[in-house]
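So the structure is just underneath, and the comments pick up after that.
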Amino acid sequence: MYIIPLSYLGLGFTFSAFSKGSGVGSAAPAHENHIVLPVENYRSSRDHADADARSADLTLHGDTDLGLYFFRQELTRQRVVEFYAKVTGSKKVAALILEYAAKEDIPLPLAFSLAWAESGFNPKAVNANRTSVDRGLFQLNSRSFPGLSEEQFFDPKVNTATGLDYLRYCLDVGGNEVAGLAMYNAGRTRVTETGAPKMTLDYISKILKYADYLHDEFENRMDLIRLDGQNGPGAHGMAQVRYMIGGS
């Protein structure tokens, strides 16, 4: 369970996605390529003798990325942008990664951790290999993407869109984050035929550790306070997590 102060998020009495046209057991508006988050209960402080503020109880699927969810809500989007702008040191870079991570339904910590490991969030980063060159935010390889021009490799929007589209492909083919990252780094053919080399395994470990750090920092900066872990499986057999959203 999380407590999210609405005053901190800059919200008033309600989350618009939850209150407008939503009742007990109804779902938040659907967004393409992401899980709909059902509202378990909505109540005001009058329903709580011990409540200091109005609140909303939500039940979210356990594999839902909190950052993506808040980015998709108009009233909390700016908070997410501000957090990741500090992470990257650039609001423009953060906005691009957020836009295409949301489009490809990639967890934000994973998307930003990949860009950090590949380029340190530097759109002009270059790494010359023996037979090819990696360029830009997501270090797109010249042999893997022969259709891109020099200008496109260094265009942050094109590089981000292409890099996260390719990561989505790798995640889908690999079936999990470890295999997907291995394919992104070493190539699908090499990983499926001979496995990932030690260098790639170290690369994966580095990315996942930083992704965990970003996840925890996001919770802290957004004032998300964990009160308990996952509840049992939901109606569709998926693990669920309960959140309380409230504020003064």
Identify, please: which residue in region 83-141 is aliphatic (A, V, I, L, M) and over 18 Å from the mean Cα position of the chain (by Cα) and is, among those, farthest from Phe71 (Cα to Cα)? Ala128
Restrict the check to region 120-128 and report whether at least one residue is in the same structural domain as Asp172 (by TED's automatic domain parsing) and under 17 Å from Ala186 (Cα atoms). yes
Scanning for something modelled with pLDDT of 95 or more, more than 18 Å from Glu104 (Cβ to Cβ) and in a helix (DSSP H, G or I), does region 186-197 turn up at least one residue? no
State whether one or more residues within region 134-146 are touching a residue at least 24 places away in the same chain (Cβ under 8 Å), surrounded by 19 or more Cβ atoms within 10 Å (Cβ to Cβ) and among the basic types (Lys, Arg). yes
So, in region 123-133, of the ones that are free of Cβ contacts under 8 Å to residues at least 12 places away in the same chain and closer than 27 Å to Gly89 by Cα, which residue ends up surrounded by the fewest Cβ atoms within 10 Å (Cβ to Cβ)? Ala128
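Of all residues being of a type outside the set (Val, Ile, Thr) and touching a Gly at 6+ places or on another chain (Cβ under 9 Å) in region 153-168, which is surrounded by the most Cβ atoms within 10 Å (Cβ to Cβ)? Just the residue, please.
Asn159
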The condition from (1) surrounded by 15 or more Cβ atoms within 10 Å (Cβ to Cβ); (2) within 22 Å of Leu140 (Cα to Cα) that Thr189 misses is numbered (1)
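The values are calculated or read from the model by the stated rules, or taken from the named source; none is laboratory data. Predicted, not measured: the structure shown is a model, and the values here were computed from it. Here the Cβ is made from the backbone with ideal geometry for all residues, glycine too, and neighbour counts use every protein chain on show.
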